[in-house]
Amino acid sequence: MQTNRMWCRIKNMRDFAIDLARRAGALLRAGYEQAHTIEYKSSVIDLVTEVDRASEALLVNTIRQQFPEHAILSEEGHGNHGPALYAWIIDPLDGTVNYAHGFPFFSVTLAVSRDGLPCLGVTYDPLRDELFVAERGTGATLNGRPLHVSKTSRVQDALLATGFSYARAIIKDNNLAEFNRLMPRTRGVRRAGAASLDMAYVAAGRLDGYWEMYLAPWDWAAGALLVEEAGGVVTGFDGKPWQPGRDRIVASNGHIHAELLRELAEARRGP
Ligand code: IPD
Ligand code: CA
Ligand code: CA
């Protein structure tokens, strides 16, 4: 499959996506630290606010107007599925629990895939005004500056991040074994609560690696492309290249990848 820049490119799509992420980000910023209407989804810890929904409405309606033939997959369910060459994959507010608590770590994140493969990713942190953009085959940028993963070569020198599923109270395979294994063997494992930014931070060299289980496509689509385009590596827990449909992701600077996979495998083998 041809995967160079032209393969993915639609005229103005990158600028359109950036502008849209900034507009949705402004909406998130305006609603931050206000009182919110909280509803519950899969469990009592899985929240959605009126701001998630307003951000999604803005994103979906604007994309529909501009690209009516494209599919849209969006977390709060207002997309239109169905066969299409291009699909937009959207998380209108990644880090909803943080947002609802006034914890300043959240983003709007969107990606465009062609034939199921992400080719454009945009993640915007509106509080820091940090715009992460990746286009397949052309690299990744933060506010226009090229991004590169870190050079850390040993897990013991690494700063990692992870996250936990909303089903963590009821599933046995809930990532605590992996967390307990890695925490004492690294400089730290952060659980900051927004997968899109965790991966953007790996791309930016602020983190050396990240892993998580049971992510949805809107959580990883832009982030995985950012890491790859910044020179990093993204795989499943088995080390095979990352592909849509897999449910365990490991993203790193590449240098620590094999060792990180070994540690995760050890954790899963048990005591
Ligand atoms: C969640 C965050 C969190 C991750 C969860 C995601 P949401 O997304 O990215 O860091 O651990 O797996 O579901 O619900 O805030 O959009
Ligand atoms: Ca999310
Ligand atoms: Ca979300």
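Summary table below
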{"quantity": "The chain - Kirkwood radius from inverse mean 1/r over Cα pairs (Å)", "calculated": "18.6 Å"}
{"quantity": "By average C-beta atoms within 10 angstrom, highest first, the peptides 182-192, 201-211, 252-262", "calculated": "201-211, 252-262, 182-192"}
{"quantity": "P(r) weight above 23 Å for segment 124-271, C-alpha pairs, percent", "calculated": "28 percent"}
{"quantity": "Lys/Arg +1, Asp/Glu -1 at C-beta; the chain dipole; positive extreme among T186, L197, H70", "calculated": "T186"}
{"quantity": "From phi via Karplus (6.51, -1.76, 1.60), per-residue ³J(HN,Hα) for segment 59-66 in Hz, x at Gly/Pro", "calculated": "5, 5, 5, 5, 5, 4, 5, 7"}
{"quantity": "Listed peptides 36-47, 58-69, 91-102 by packing density, highest first (mean Cβ within 10 Å)", "calculated": "91-102, 58-69, 36-47"}
{"quantity": "Segment 147-188-segment 90-135 distance, computed between alpha-carbon centres (Å)", "calculated": "21 Å"}
{"quantity": "Phi-based couplings in Hz for segment 224-237 (Karplus 6.51, -1.76, 1.60; Gly and Pro marked x)", "calculated": "5, 5, 4, 5, 4, 6, 8, x, x, 10, 10, 9, x, 5"}
{"quantity": "Amide hydrogen neighbours beyond the local backbone of L207, cut-off 5 Å, H modeled", "calculated": "V202"}
{"quantity": "Cα-based shape type of segment 68-138, given that a ≥ b ≥ c are square roots of the gyration tensor eigenvalues and the cut on a/c is 1.5", "calculated": "oblate"}
{"quantity": "Surface share of carbon and sulfur [accessible, 1.4 angstrom probe, percent] for segment 157-264", "calculated": "52 percent"}
{"quantity": "Segment 100-241 - share of DSSP beta bridges that are antiparallel (%, nearest 5)", "calculated": "75 percent"}
{"quantity": "Cubic angstrom per residue, convex hull over Cα atoms of segment 32-117", "calculated": "98 Å³"}
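The values are calculated or read from the model by the stated rules, or taken from the named source; none is laboratory data. Everything numeric in this text was worked out from a predicted model, so none of it was measured. Note that each Cβ is placed from the backbone with ideal geometry, even for glycine, and that neighbours are counted across all protein chains shown. What goes into the accessible areas is simple: the full protein's heavy atoms, side chains included, and nothing from ligands, DNA or RNA. Shrake-Rupley method; radii C 1.70, N 1.55, O 1.52, S 1.80 Å.
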